[in-house]
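The values are calculated or read from the model by the stated rules, or taken from the named source; none is laboratory data. This one's a predicted model, so the numbers in the text were calculated from it and none came from an experiment. We place every Cβ from the backbone using ideal geometry, glycine too, and count neighbours over all the protein chains shown. Calculation scope for accessible area: heavy atoms of the full protein, side chains included, ligands and nucleic acids excluded. Shrake-Rupley method; radii C 1.70, N 1.55, O 1.52, S 1.80 Å.
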Amino acid sequence: MNRSDFIALVTEELDLPLSDDDLTEDFDRVLSWDSMHALRLARALEAETGRRLRIAEILSARSLGEIYQQVAS
């Protein structure tokens with residue numbers, strides 16, 4: 001999954017407008033971000049990639065960029 005696909009998935013699944021620059025924003029700065037967003041995103045990423053993700057790592061991520069790195073590796 002490339003960055004553009006990841007951004008499109010986040011935008012579509014979570015209804016969060018997102019640009020490439022937003023991947024580095026700490027979740028504390030993302031309006032209304034909570035663990036439910038992370039769980040919904042993890043489920044969508046698993047469906048999209050066919051890979052099982054480590055939920056603990058998703059929940060401990062500090063930005064969408066960190067989640068993207070987990071998916072891209």
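Among the conditions (1) touching a helix residue (DSSP H, G or I) at 6+ places or on another chain (Cβ under 6 Å); (2) at pLDDT 95 or above, LEU14 misses just one, which is (2).
Applying the selection to segment 1-21, what residues are in contact with an Asp or Glu (Cβ under 9 Å, 6 or more places away or on another chain) and in a loop (DSSP other than H, G, I, E, B)? Listed by number, the residues that qualify are MET1, LEU16. Restricting to segment 13-27, name every residue that is in contact (Cβ under 8 Å) with a residue 12 or more places away in the chain and acidic (Asp, Glu). Within segment 13-27, GLU13, ASP20, ASP22, GLU25, ASP26 meet the criteria. Among the residues of segment 22-46, those that are part of a loop (DSSP other than H, G, I, E, B) and surrounded by 12 or more Cβ atoms within 10 Å (Cβ to Cβ) comprise GLU25, VAL30, TRP33.
In segment 47-71, the qualifying residues are those that are open to solvent by less than 80 Å² (accessible area, probe 1.4 Å) and in a loop (DSSP other than H, G, I, E, B), and the one that is farthest from ASP34 (Cα to Cα) is GLY50.
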